[in-house]
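What follows is a short report on a single structure.
The values are calculated or read from the model by the stated rules, or taken from the named source; none is laboratory data. These figures come from a predicted structure and were not determined experimentally. Don't worry about glycine lacking a Cβ; one is built from the backbone with ideal geometry, like all the others, and counts go over all protein chains shown.
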């Protein structure tokens, strides 16, 4: 099919190969993917805005080659927001037009760092990534998540879970962005070591995959400068077009499977229950979550 043209926020964008199948198993085309992004853009953009974008591009669909891009390659419209970092132009995914432009180029997965470009090195949240072993019962992931919630509650830190969109679960703790990555690493490491003491038969802190055995990897190290994580509501390059989806703690307690949250189900879910991650991007709420007491305790007992 010939290119189609869409106008988004006053910008005309040429859509190439609109009928190309990107996810073969559910038969999702590029145009259907773009329609999904348009439906969820107002929910997704708060978690990408002012953060230097990293994308996984699959120009020929998810069964084809993957290209990781952290900077602008080739020509980009002048209206695409950007910032220069390390002598490269980095995209800021701040608006719907840029979202559709990137997706048309094959940006299937949207990943963002933990800090914003105008306040680099000061993360806006603590994050723990619960990565299960192959063929692990997802119930174990949910069990570890609930234990982690209780630990965070004991530290007066409110937390919000979301699926990774792949096989795991990620726990976000919005914080006042006045702590360096080194300070947040101290807090993450303290919590991870405590979790290991509490659940040694189920979790590991071993980063090397071959050394994890059949345990869940409790990843506290991903929270670091330059590293990224799939944005909330980003689709993943997985066979069922699963989506990185915020969930409630009640849902974690009841139980679910990552495959319950797909490109086909998320727009309706958002219309029904709204954005469960809204406190993660709400500045007044973030400013109320401080790490001072936790850091003092760690320094006193280290």
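Scan region 260-291 for residues that are over 23 Å from residue 247 (Cα atoms) and loosely packed, with under 11 Cβ neighbours inside 10 Å and report the count.
Of the residues in region 260-291, 0 are over 23 Å from residue 247 (Cα atoms) and loosely packed, with under 11 Cβ neighbours inside 10 Å.
Table: residues versus (1) surrounded by fewer than 17 Cβ atoms within 10 Å (Cβ to Cβ); (2) over 15 Å from the mean Cα position of the chain (by Cα); (3) outside the structural domain of residue 162 (by TED's automatic domain parsing).
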| residue | (1), (2), (3) |
| --- | --- |
| 10 | yes, yes, yes |
| 14 | yes, yes, yes |
| 28 | no, yes, yes |
| 44 | no, no, yes |
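Do the conditions hold for residue 80, that is, is it crowded, with 16+ Cβ neighbours inside 10 Å and more than 21 Å from the chain's Cα centre (by Cα)?
Yes, satisfied.
Do we find a residue being farther than 26 Å from residue 280 by Cα, touching a helix residue (DSSP H, G or I) at 6+ places or on another chain (Cβ under 8 Å) and surrounded by fewer than 18 Cβ atoms within 10 Å (Cβ to Cβ) anywhere in region 69-77?
Yes.
Consider residue 56 carefully, then state whether it is exposed (fewer than 14 other Cβ atoms within 10 Å of the Cβ), touching a residue at least 40 places away in the same chain (Cβ under 8 Å) and assigned by TED's automatic domain parsing to the domain that holds residue 106.
no
Given the residues 146, 152, 130, which is the only one that is modelled with pLDDT of 95 or more, surrounded by 22 or more Cβ atoms within 10 Å (Cβ to Cβ) and in the same structural domain as residue 246 (by TED's automatic domain parsing)?
When all the criteria are applied, what remains is 130.
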